[in-house]
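The values are calculated or read from the model by the stated rules, or taken from the named source; none is laboratory data. None of the values given here were measured: they were computed from a predicted structure. Cβ: placed from backbone, ideal geometry, glycine included. Neighbour counts: every protein chain shown. These area figures cover heavy atoms from the full protein model, side chains too; ligands, DNA and RNA do not enter into them. Shrake-Rupley method; radii C 1.70, N 1.55, O 1.52, S 1.80 Å.
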Amino acid sequence: MIAAEPSRLQKLALRWFGARVIREYPFEEMFFLEQARAVRAAVRMPLVLLGGIVSRANVDRAMAEGFDFVALGRALIADPDLVERMRVDASARSRCTHCNACVAEMDTGGVRCVLDGPRPH
Ligand SMILES: Cc1cc2nc3c(=O)[nH]c(=O)nc-3n(C[C@H](O)[C@H](O)[C@H](O)COP(=O)(O)O)c2cc1C
Ligand code: SF4
């Protein structure tokens, strides 16, 4: 599902009141694993595990837990070569800091990782 783009008013309201109404969720690797396990146990179909997959160790664990695929979001924005690195190196992991700044970057000319420095003009 693709979320609808918030209006200017919604963005302004979020900027003013967001910190007061939205809880902070500290990052955890494989943060949907517990809920996804319940789905894995309930259905017989291929499943993709998503959320906080940042390393080859995470991928190996997902496969061992019975998932068929993993999906990577921020880890691939930070490290487009990560899948190839994971293929050849069991210790490979993303440099992503989970700052979520790439979400805001979408409004300024397209998704990119802020670890790559300022956007070229
Ligand atoms: C830049 C960016 C844009 C995203 N856009 C959407 C979106 O339009 N719809 C959606 O359902 N999830 C969106 N997501 C959430 C991702 O699909 C994914 O659920 C989330 O990033 C967790 O996975 P990760 O820990 O591998 O990043 C977006 C995430 C990022 C970082
Ligand atoms: S901007 Fe932040 S969250 Fe997004 S990919 Fe880069 S380090 Fe990760």
Calc'd 3J(HN,Hα), the stretch 24-32, phi into Karplus 6.51 cos²θ - 1.76 cosθ + 1.60 (θ = phi - 60°), Hz, glycine/Pro = x, comes to 8, 10, x, 5, 10, 4, 6, 5, 9
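How about the stretch 15-121: which GluC sites (Glu not before Pro) there are in a DSSP loop, with at most 13 other Cβ atoms within 10 Å of their Cβ?
Working: sites: Glu24, Glu28, Glu29, Glu34, Glu65, Glu84, Glu105; in loops: Glu24, Glu28, Glu29, Glu65.
Within the stretch 15-121, the qualifying GluC sites (Glu not before Pro) (loop, at most 13 other Cβ atoms within 10 Å) are Glu24, Glu28.
Quick one: grab the alpha carbon gyration tensor of the chain, order the square roots of its eigenvalues as a ≥ b ≥ c, and give me rounded if a/c is under 1.5, else prolate or oblate depending on whether a/b is larger than b/c.
Details: a/c = 2.29, a/b = 1.38, b/c = 1.66.
Verdict is oblate for the chain.
Residues of the chain: accessible area per residue at 1.4 Å, in Å²?
Working: 9150 Å² over 121 residues.
Accessible surface, normalised per residue, equals 76 Å².
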Looking at the chain, which longest stretch skips every one of the chymotrypsin sites (Phe, Trp or Tyr not before Pro) that is in a DSSP loop with at most 14 other Cβ atoms within 10 Å, leaving the sites themselves out? 33-121
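Just tell me the longest site-free run in the chain, where the sites are trypsin sites (Lys or Arg not before Pro) in a DSSP loop having at most 10 other beta-carbon atoms within 10 Å.
Values: sites that count: Arg23, Arg44.
It works out to 45-121.
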Could you identify which residue out of Gly51, Gly73, Gly109 has the top mean-square fluctuation in a GNM of the chain using Cα springs shorter than 10 Å? Gly109
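What is the percent carbon and sulfur in the accessible area of the chain, measuring with a 1.4 Å probe over the protein chains and ignoring ligands? Could the numbers behind the result be given before it?
Working: 5530 of 9150 Å².
It is 60 percent, rounded to a whole number.
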Which residue fluctuates the most in the chain, going by a Gaussian network model with Cα springs under 10 Å, if the choices are Ile53, Ile22, Ile77? Ile22
Projecting the Cα atoms of Asn58, Leu76, Pro26 onto the charge dipole of the stretch 26-116, where Lys and Arg contribute +1 and Asp and Glu -1 at Cβ, the residue farthest towards the positive end is Asn58
